[in-house]
Structure formats: structure tokens, C-alpha cells
Amino acid sequence: MEISAIVILSVTAASAVLAAVLLLDRLRRADRRSRHLSKAVNSLTDQLRQATAGLAAEKEKLNSLLSAISEGFLLVDKENKVVMFNKAVEHMFNLPPDDFIGLPLINLVRDHEIDSLVRQCLGTSHKQTATVEVDKVKHYNLTAVPLEEGAFVLVQNLSHIRHLEKVRQDFVANISHELRTPIASLKAIAETLQDGAVDNREVALDFLQRIQIEIDKLAQMVSELGELSLIESGDVPLNMKSADVAAVIERVVGRMAAQADRAGNRLEMGTPPDLPAVRIDEDRIEQVLVNLIHNAIKFTPPGGRINVSARAEKENVLVSVADTGAGIPPDDLPHIFERFYKVDKARSGGGTGLGLAIAKHIVRSHGGDVGAESEPGKGSTFTFSLPLAESRR
Ligand code: ADP
């Protein structure tokens, strides 16, 4: 082989080796870079994962906070479409389980006053407040605050406060109404006496008797009102003890037997021998029984029967006072435990309409409840529950 050929061959081989070495080096560097890159990608993925988890936890916290708030909370976008709302809004507007997100606000609130208040807030970018009445019974206080991307609406339910205001107004109106009758009678008697009746001893004595009756009525009302307000305020300390309710019934029935007798009614009791002990303030439960038996006697014509019984049921003892008297019309039945409620004023036998309200509060303060069933013309049964002294579970 010629020298020149050998030289060309070795130069070619050398440059091939050099190219291979360079390629290898470049590959090695590329591999190092790619390892760096994949490390960076991995750490970025970790950071992202942590950030997403953090965001989800924050969202969860915000959601549970919003669902725990009793005020309604709503977010709408610039077009007045629902972005989010909490549980309180669901309850206030009685929402069906539809998805309202993305729908116009009116679909959710179904009230044009609320809808236009939020529109005004979005249009003017100013906070708007209003009190809105929905369906005559629901009252809401609304505050719409503009945000960059829409508005935030706070809904406060005032229905309960309004209801309490109404109860207080009715209460005052009822008291003044109840006071008016005996006061008018007293005034009329005084005027008649002044006009000369005082000189006729017999008539004067009769009027004195009537004055006494009216004063007794007033005194009873004042005492029952005081008692009711004391029980309602929760300031009456209950002397709770384990007690045999059959013995309590027996005592009250014994005490009221003469009164039932005078009214021509039979008062009897029926309790099983193995009644479990209850946890009660005996004096207060006696008062409940007296009120119920007193009513049974008052509203049962002569020849009727009144039965006081007790039975155990689950974690309670149920005590019933049943009579064969006038009964209570179905429309009145849900109201008879309200203060001053009387089915028929003429028939109420001079009662104040407070006896059942007092009984209900006493039973409730024991952790029990009271109810009534009745059939007009056939009779009524009042039943209240008392918790057992020891749980049977
Ligand atoms: P009061 O007896 O002083 O009027 P209550 O609060 O005890 O007041 O009772 C409220 C009303 O419920 C009574 O006026 C009467 O109309 C009705 N009522 C209560 N108990 C009976 C009963 N056993 N039978 C028929 N009506 C009853």
C-alpha cells in the first residue's frame, strides 16, 4: 500500500474516533441535563401536589365554616348568576336538591325584590340593604356587597324575631282583654252601689259577694301569670328526685275526689304495680295533674268519668288524664296549650286560659312533653311523658 493511502486511512480513522468521542461526550452531557430536568420536574410536581392539597383543605375549611353559619351566604357573578351558596340559604328558601350553580339568582330566591336588590348592587357597585317579606311569614334582612367579579349577599332570617314580637304583642293584648272584663264588672257594681243599692242591705251583700268573685278571678290571673313567667324564665329551681308516679297520682286523685264528687263525676285511677321510678319535682308534677284533672272536672257534665292512668313506654312513663266530657274541636286542639287560649269563653267556667300553658312548661322543664287527643261530644285525653329515673338501656 502506498504511504499516501495509509496516511489518508489513518486520518479518516482518527477523525471517526474523534467524532465518536465528541458524540459520546455530548450524549453524556445531554443525559446529565435530562437528569437535572427530570429532578426539577419531579420537585415541581411535588410542590404542585402540596399546593393543590392545601387549596382543597382550605376550600373544605371554608365550606364547613359556611355551612355552620346560621346566616345565609350567597355569591353571584357580574351577570347575577349563582356562583355559590351555603346550607342556610338552602333551608331559608326551601330549595329542592337541584343544582343552582350558574343559574340566574331569581331561579334560586324566587323573589323579585331580592333579585332587584342584588341587580342594583351589581349595577351601582354600591352596598345595598333591605328587609324583605316573603310569603307573609318569612322576613329576611339582606345585605348585598359589590365585589370585583360580582356580589356577595348576606341573608339574615328575622322570622323568629318577628314571631316573638308578635307573641309579645298578642300577650299584652290578651292581658288587657282579660283584665277588662272583671274591671268592667267591678265598675258596674260600684256604680250600682253608689246609685242607692248600698242602702239595701240584702242587695249590698249580694254585690259584695260579686266583688269578691271578681277580685278572686283577678288574683288568680295575677298569680298564674307570675308563675308562668317564672317557669318560662327558667329561674325556678326544680327539686328533682327519683319518685313513684303512682303515689303522686294517688295523692292528687285523693285531694280532688271531693271536687269531682260535687260536680257529679267519678274520678278513678289505674296504674300497673310495676311502674319504673321517674325523676321529677313532685310538687310541680302534682300541679300539672291538678290543672289537668281540674279541667276534666270543669268540662265534663255530671254523670261523666275521669280516669287518671300511667304506663311505661321506652325511656318514659306516660301519664294520661281522660274524661268523657265536652271534648275539643279539631281546629282548637293545636292551640289549647297557648297562653289565654279558651275554646269557648262562655264555657270556660271563669278560667284564665293559662292552666295548660303552665302544665306544658312544667312538663317540658322535666324533659318530657304533653299533648291532647279529643273527640267533640265524647271526651278528651291529655297525656304527658316523664323521663325514667334510670335509663333502661
Ligand atoms: P282554663 O281552663 O283556665 O280556661 P286552660 O289553659 O287550662 O285554661 O285550658 C284552655 C282551654 O282548653 C279551656 O278554656 C278549654 O276550652 C280547653 N280545655 C282544656 N281542658 C279541657 C278538657 N278536659 N275538655 C274540654 N276542653 C278543655
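What the Cα atoms of the stretch 241-390 give is an Rg and a Dmax of 14.6, 45 Å. The aspartates and glutamates within cross-link reach of K360, meaning a Cα-to-Cα straight distance under 14 Å and a gap of 8 or more places when in the same chain, are E224, E227, E232, E286, E338, D369. With all protein chains in place and a 1.4 Å probe, the accessible surface of the chain carries 56 percent carbon and sulfur. Placing a pseudo-label 7 Å from each Cα along the Cα-to-Cβ vector at Q47 and K187 gives an inter-label distance of 8.7 nm.
Note that the stretch 105-185, at 37 °C in a medium of 0.692 mPa s, gets a Stokes-Einstein diffusion coefficient of 217 µm²/s from its Kirkwood radius over C-alpha pairs. Loop-located trypsin sites (Lys or Arg not before Pro) across the stretch 88-170 with a Cβ neighbour count of 12 or fewer within 10 Å are K127, K136, with loop assigned by DSSP.
Shown is the FRET efficiency for E90 and V167, computed with R0 = 22 Å from the Cβ-Cβ distance and rounded to the nearest 0.05: 0.20.
In the structure shown, the pairs K81/K138; K39/K61; K127/K166; K166/K241; K136/K298 are assessed against 27 Å; a Cα-Cα span above that value is assigned to K39/K61; K127/K166; K166/K241; K136/K298.
How many angstrom separate the Cα center of the stretch 40-92 from the Cα center of the stretch 163-241? Answer, in whole Å: 60.
Can you give the extra length, in nm with one decimal, that the chain gains between R255 and V83 once fully stretched, where that is 0.36 nm per residue apart less the Cα-Cα distance?
Numbers: separation 172, 0.36 × 172 = 61.92 nm, distance 6.75 nm.
Once the chain is fully extended between R255 and V83, it gains 55.2 nm.
The mean of 1/r over all pairs of different alpha-carbon atoms in the stretch 309-385, once inverted, gives a Kirkwood hydrodynamic radius of 13.2 Å.
Estimated from helical segments only, the mean residue ellipticity of the chain at 222 nm is -18500 deg cm²/dmol, where each DSSP H run of four or more residues counts as -39500 (n - 2.57). For the stretch 26-121, just say rounded, prolate or oblate: build the C-alpha gyration tensor, square-root its eigenvalues into a ≥ b ≥ c, call rounded for a/c under 1.5, and beyond that prolate if a/b exceeds b/c, oblate if not. Verdict is prolate for the stretch 26-121.
Provide the three semi-axes, in whole Å and in decreasing order, of the ellipsoid equivalent to the chain as defined by the square roots of 5 times the Cα gyration tensor eigenvalues.
Equivalent-ellipsoid dimensions as semi-axes: 84, 32, 16 Å.
In whole angstrom, the stretch 68-157 maps to an equivalent ellipsoid with semi-axes of 18, 15, 12, each derived as √(5λ) from the alpha carbon gyration tensor and ordered largest first. Derived scalar couplings between HN and Hα for the stretch 63-74 equal 4, 5, 5, 5, 6, 7, 6, 7, 6, x, 9, 9 Hz in order, rounded to whole Hz, by the Karplus curve 6.51 cos²θ - 1.76 cosθ + 1.60 (θ = phi - 60°), x for Gly and Pro. For K187, the lysines whose Cα comes closer than 26 Å to its Cα, not counting residues fewer than 8 places off in the same chain, are K217, K342, K345. Note on D206 and D235: with the Förster distance fixed at 45 Å, the Cβ-Cβ geometry gives a FRET efficiency of about 0.60.
Restricting the GluC sites (Glu not before Pro) of the stretch 81-155 to loop positions (DSSP other than H, G, I, E, B) with no more than 15 neighbouring Cβ atoms within 10 Å leaves E148, E149.
For the stretch 161-233, the Stokes-Einstein estimate of translational diffusion at 37 °C and a viscosity of 0.692 mPa s comes to 229 µm²/s, using the Kirkwood hydrodynamic radius over alpha-carbon pairs. Estimated at 0.36 nm per residue, the fully extended path between T131 and L179 surpasses their Cα-Cα distance by 13.7 nm.
Average accessible surface for the chain: 62 Å² per residue, computed with a 1.4 Å probe over protein heavy atoms with every protein chain in place.
The Stokes-Einstein estimate for the stretch 231-310, based on a Kirkwood radius over Cα pairs and taken at 10 °C with 1.306 mPa s viscosity, is a diffusion coefficient of 116 µm²/s.
In loop segments of the stretch 264-320 as defined by DSSP, the GluC sites (Glu not before Pro) with at most 16 further C-beta atoms inside 10 Å of their C-beta are E315.
The values are calculated or read from the model by the stated rules, or taken from the named source; none is laboratory data. None of the values given here were measured: they were computed from a predicted structure. Here Cβ is always computed from backbone atoms with ideal geometry, including for glycine, and neighbour counts include all displayed protein chains. In case anyone asks, the SASA skips ligands and DNA or RNA and just uses the protein heavy atoms, side chains included. Shrake-Rupley method; radii C 1.70, N 1.55, O 1.52, S 1.80 Å.
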